Amino acid sequence: MVKKIDPCTLVLFGASGNLSRVKLMPGLFRLDAAGRLPEHMAILSVGRGDVTREAWQADIKKMLASKFKDGYDQAVFQRFMARQHYHANPPDDADAFNKMKATLSNEQVFPQNLAYFLSVRPTDFAPIVEQLSGVGLLDESQYWRRVLIEKPFGTNLPSAQDLQASITKHLKESQIYRIDHYLGKSALQNIMLTRFANTMFEPLWNNQYIDHVQITNNEILGVGDRTEFYNNTGALRDMVQSHLLQTLALVAMEKPQDLSPESIRAEKIKLLQAIRPLPIKDLAKHAFRAQYSAGRVCVGDGHGENVAGYLDELAKEGVSASVTETYAALKLFIDNPRWQGVPFYVRTAKRMHEGNTAVSIRFKKAPMELVEGQHQNWLTLNIQPRECIKMEIESKIPGLDIATRTLSIDAPQRQTGDESIDSYESLLLNLMEGDPSLYLHISEVEAQWRLIDPIVKAWAEDQSAVHQYPAGSRDPEQSGVIFESTDQFWRYSIELGGDKH
């Protein structure tokens, strides 16, 4: 069902930045080509430099040429270019936001429903909101006004609450769209639909039948040119606090009353608030961290490449020591009737043997064990790079003897002819539609930081050497310390029957 979008203006702060060039402008162009942008819609790009509209449109043409190497429809291109405008907003101009107001006041050019996308430094979020409010550009007495804030929303609970206090002086919660681009991924959205649109799953989706759940995000890449950022952030805050806890919420939440944004968010909030805090005095049995050392990784053409270790990369930047984790694994429990006693293992790592994001669910042992060592059933919802649903069941091997083998039922979610939608395209569309269901409510943000902050603090205070794992390897064997039982192991993307070898 296609939702109607009001005529509106998208005001894009940080328009000349990398996110805009790689994701936002190409994404908006694809939405226009698909006929999803309203006819009366303008895009006002805001940057520090003084650039003419013609020069900016020429720059956009380069962005699109870089993204769409096979070309694009010229009629769509002309329509898209007609939407494009530029406004210089130099930081040293005290009157800059009054000038922006004057520009936007031209109702013949700019529809007065305004959506602001703040693709800027986190330290600029609150000042921009305050200045927009100061000139009346957030007033909703006649038209809607929405503000999209890029991740991260704070770096811990106090900073998130401070940011919330600053922006809610000028914005209602309904006007704030906190983005987590992972939630825009089609395969991630499919988790909820797989659960609730199939009768076969919901009766089994509880502690009576499920042994444990694994939520994984592994990358082959290292920290790259983000060394300073990563050393100040770490895997726990970069990935677990946001993307993976949101994935967990979709896997474990109760069925919403309906598909309205309010109902979906309400169930996610309840689930996140039900996650049991980790026991800091016994943290080693619930959380594991490590750093990659020098090793060899597989590159795109299938060949190996020798790469430096994390500490070696830091040393080149003048940092002599660090306990920042590039590998983080947690064991979480949810204190509600459905999930009581079921461990949720959440892990993320860089420089692993494979790059994969998935939810793997292992069911409890079958009521009848026909052969010794019979495998347990698995259900895997793979998010990237391959979008698919995989189910593993035991079946008799034809013949005179009683023996079983694991059959893998592998269904690709993406089929020939399906739309290929980037997560930012989906989220940009939701912003203009006024649908916040894939955006974070402040209660979700706070619940996530409350869980993660004590772990970050404990790890920062423990300055002992962090375990090392060779780049290109699998999970460190020592990470198994967090498993609840000796027969549990890390599940990978390609092994049949959960083979860990």
### Task
Look at A366 and say whether it is assigned to a helix (DSSP H, G or I), over 17 Å from N218 (Cβ atoms), in contact with a strand residue (DSSP E or B) (Cβ under 9 Å, 6 or more places away or on another chain) and among the small types (G, A, S).
no
### Task
Tell me which residues, restricted to segment 1-32, are in contact with an Asp or Glu (Cβ under 7 Å, 6 or more places away or on another chain) and open to solvent by 60 Å² or more (accessible area, probe 1.4 Å).
K3, K23, R30
### Qualifying residue in segment 428-448 (condition: under 13 Å from S242 (Cα atoms) and touching a Phe, Trp or Tyr at 6+ places or on another chain (Cβ under 6 Å))
yes
#### Entry: Among (1) open to solvent by less than 20 Å² (accessible area, probe 1.4 Å); (2) within 24 Å of I442 (Cβ to Cβ); (3) at pLDDT 95 or above; (4) touching a helix residue (DSSP H, G or I) at 6+ places or on another chain (Cβ under 7 Å) - the single one L183 does not satisfy
(3)
### Summary
Only one of (1) in contact with a helix residue (DSSP H, G or I) (Cβ under 8 Å, 6 or more places away or on another chain); (2) in a loop (DSSP other than H, G, I, E, B); (3) open to solvent by 30 Å² or more (accessible area, probe 1.4 Å); (4) farther than 18 Å from V223 by Cβ does not apply to W339, and that is (3)
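Against the definition (open to solvent by less than 50 Å² (accessible area, probe 1.4 Å), closer than 23 Å to H181 by Cβ and free of Cβ contacts under 8 Å to residues at least 40 places away in the same chain), how does R145 come out, yes or no?
yes
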### Filter result for the condition that a residue is farther than 22 Å from V307 by Cβ, open to solvent by 30 Å² or more (accessible area, probe 1.4 Å) and either without any contact (Cβ under 8 Å) to a residue 40 or more places away in the chain or hydrophobic (A, V, I, L, M, F, W, C) (or both), over A249, A197
A197
### Query
Going by the structure shown, is L259 among the aliphatic types (A, V, I, L, M) and exposed (fewer than 13 other Cβ atoms within 10 Å of the Cβ)?
yes
### Query
What are the residues in segment 223-246 that are open to solvent by 40 Å² or more (accessible area, probe 1.4 Å) and either outside any loop (DSSP other than H, G, I, E, B) or in contact with a Pro (Cβ under 8 Å, 6 or more places away or on another chain) (or both), if any?
E228, F229, N232, R237
### Query
Which numbered condition trips up I264, out of (1) β-branched (V, I, T); (2) within 19 Å of R237 (Cβ to Cβ); (3) open to solvent by less than 20 Å² (accessible area, probe 1.4 Å)?
(2)
### Task
Please name all residue pairs, on different chains or six or more residues apart, with Cβ atoms under 7 Å, provided the first residue is in segment 1-28 and is among the charged types (D, E, K, R) and the second residue is in a helix (DSSP H, G or I) and open to solvent by 30 Å² or more (accessible area, probe 1.4 Å).
K3/E433
### Query
Counting only residues that are among the acidic types (D, E) and farther than 11 Å from A290 by Cβ, which one in segment 441-476 is most open to solvent (accessible area, probe 1.4 Å)?
E461
### Task
Using the structure shown, decide if T103 is at pLDDT below 95, assigned to a helix (DSSP H, G or I), open to solvent by 20 Å² or more (accessible area, probe 1.4 Å) and out of contact with any Asp or Glu (no Cβ under 7 Å at 6 or more places or on another chain).
no
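Looking at I402, I409, I389, can you tell me which residue is among the aliphatic types (A, V, I, L, M), open to solvent by 60 Å² or more (accessible area, probe 1.4 Å) and not in a loop (DSSP other than H, G, I, E, B)?
Every option except I409 fails the conditions.
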### Message
Restricting to segment 270-311, give me the number of residues that are farther than 30 Å from D225 by Cβ, open to solvent by 30 Å² or more (accessible area, probe 1.4 Å) and not in a loop (DSSP other than H, G, I, E, B).
### Response
7
### Summary
Within segment 73-100, the residues that are among the charged types (D, E, K, R) and either in a helix (DSSP H, G or I) or touching a residue at least 40 places away in the same chain (Cβ under 8 Å) (or both) are D73, R79, R83, K99
### Message
Condition first: hydrophobic (A, V, I, L, M, F, W, C), part of a loop (DSSP other than H, G, I, E, B) and more than 23 Å from D93 (Cα to Cα). Now tell me which residues in segment 36-54 satisfy that.
### Response
L37
## Note on the structure
Checked segment 165-180 for anything of a type outside the set (S, T, N, Q) and open to solvent by 60 Å² or more (accessible area, probe 1.4 Å); matches are K169, K172
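Here is a check on your reading of the model: is L438 in a helix (DSSP H, G or I), within 24 Å of E262 (Cβ to Cβ) and open to solvent by 10 Å² or more (accessible area, probe 1.4 Å)? Break it down stepwise before answering.
Numbers: in a helix (DSSP H, G or I): no; within 24 Å of E262 (Cβ to Cβ): yes; open to solvent by 10 Å² or more (accessible area, probe 1.4 Å): yes.
So L438 fails the test.
Any residue at all in segment 55-72 that is part of a loop (DSSP other than H, G, I, E, B), open to solvent by less than 70 Å² (accessible area, probe 1.4 Å) and of a type in the set (D, E)?
Checking segment 55-72: not a single residue is part of a loop (DSSP other than H, G, I, E, B), open to solvent by less than 70 Å² (accessible area, probe 1.4 Å) and of a type in the set (D, E).
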### Query
What residue, of Q448, Q415, is modelled with pLDDT of 90 or more and either in a loop (DSSP other than H, G, I, E, B) or not hydrophobic (A, V, I, L, M, F, W, C) (or both)?
Q448
### Query
Among V46, V109, which is the only one that is among the aliphatic types (A, V, I, L, M) and open to solvent by less than 30 Å² (accessible area, probe 1.4 Å)?
V46
### Task
Using the structure shown, decide if A328 is under 27 Å from the mean Cα position of the chain (by Cα) and of a type in the set (G, A, S).
yes
### Query
Among the residues of segment 477-492, is there at least one that is in contact with a Ser or Thr (Cβ under 8 Å, 6 or more places away or on another chain) and either closer than 12 Å to Y327 by Cβ or in a loop (DSSP other than H, G, I, E, B) (or both)?
yes
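The values are calculated or read from the model by the stated rules, or taken from the named source; none is laboratory data. Please read these numbers as outputs of a predicted model, since none were measured by experiment. Here the Cβ is made from the backbone with ideal geometry for all residues, glycine too, and neighbour counts use every protein chain on show. In case anyone asks, the SASA skips ligands and DNA or RNA and just uses the protein heavy atoms, side chains included. Shrake-Rupley method; radii C 1.70, N 1.55, O 1.52, S 1.80 Å.
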